[in-house]
Amino acid sequence: MTADLTSTATSDFVTVLSEAAAAYRGQKGTRPSAEILVKALLQAEKAAKQQRLTYPFKSLLGKWQLCFATGTKKVRERGGIVLGKGLYVPKFVAIHLSFNATWEQDLGRGEIGNQVKFSQVSLKLTGPVQYLNKKNLLAFDFNQMLISLFSRVVYNRAIRSGKVQTEDFYSQPIAKLPFFAFFLVTEDFIAARGRGGGLAFWIREI
């Protein structure tokens, strides 16, 4: 089924995430603590699984700023990994994720961009994506690197084999590729769990 965030059951975590987005932008309010935000993200993920929510690829298109992320750590006595506490991305570092559609959008194909900007230095990685609508799973790979200094491109080269790598990407098993499993997608923010198990929360660039 498609996403429906109007029920009472989802109102609590949606409110927390909305407050976090507004506070991070400096619009109003104070940021929820990392502990509260992680709890809200886990509630959103649980709700998505229980309600079997699906999101179309087109709902991800645009530019998103990373607001909050958790790491993971191995715990021997638990026989696996657990989430780290998580932290808000410092405002002096801008990390953006962008998705663009290609002419094969109906097949869930497009392009991803991941840009990190610090002061006057910018590093951007781009590459192809494959979106599995029924699982809200977006597999990706980076095959181009661009570095800019004072808005001037100083490095722009293919990573690995460039175009050949892009063509080969769509024949690769999802299990061998990095991916994001999106569990919440709205007009204002998106959230996903990465292949490594960490959670990430982005807000739409305005």
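The values are calculated or read from the model by the stated rules, or taken from the named source; none is laboratory data. These figures come from a predicted structure and were not determined experimentally. When we count neighbours, we look across all protein chains shown, and the Cβ atoms used for this are built from the backbone with ideal geometry, even at glycine. Protein only, heavy atoms only, side chains kept; ligands, DNA and RNA dropped before computing areas. Shrake-Rupley method; radii C 1.70, N 1.55, O 1.52, S 1.80 Å.
Can you find even one residue in segment 137-145 that is closer than 26 Å to residue 90 by Cα, among the aromatic types (Phe, Trp, Tyr) and touching a helix residue (DSSP H, G or I) at 6+ places or on another chain (Cβ under 8 Å)? No, the conditions are met nowhere in segment 137-145. Just one of the numbered conditions (1) closer than 19 Å to residue 39 by Cα; (2) open to solvent by 70 Å² or more (accessible area, probe 1.4 Å) is not true of residue 192: (2).
Results for (1) open to solvent by less than 90 Å² (accessible area, probe 1.4 Å); (2) assigned to a helix (DSSP H, G or I); (3) modelled with pLDDT of 95 or more; (4) not basic (Lys, Arg), shown as yes or no for each residue.
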| site | (1), (2), (3), (4) |
| --- | --- |
| 13 | yes, yes, yes, yes |
| 20 | yes, yes, yes, yes |
| 28 | no, no, no, no |
| 40 | yes, yes, yes, yes |
| 44 | yes, yes, yes, yes |
| 58 | no, yes, no, no |
| 68 | yes, no, yes, yes |
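In this structure, does residue 119 turn out to be hydroxyl-bearing (Ser, Thr, Tyr), open to solvent by less than 50 Å² (accessible area, probe 1.4 Å), farther than 16 Å from residue 61 by Cβ and more than 16 Å from the chain's Cα centre (by Cα)? Judged against the criteria, residue 119 is not a match. Taking residue 64, is it open to solvent by less than 70 Å² (accessible area, probe 1.4 Å) and either on the phi > 0 side of the Ramachandran plot or aromatic (Phe, Trp, Tyr) (or both)? When the stated conditions are applied, residue 64 passes them. Scanning for something touching a residue at least 60 places away in the same chain (Cβ under 8 Å) and not basic (Lys, Arg), does segment 94-114 turn up at least one residue? Looking through segment 94-114, at least one residue is touching a residue at least 60 places away in the same chain (Cβ under 8 Å) and not basic (Lys, Arg).
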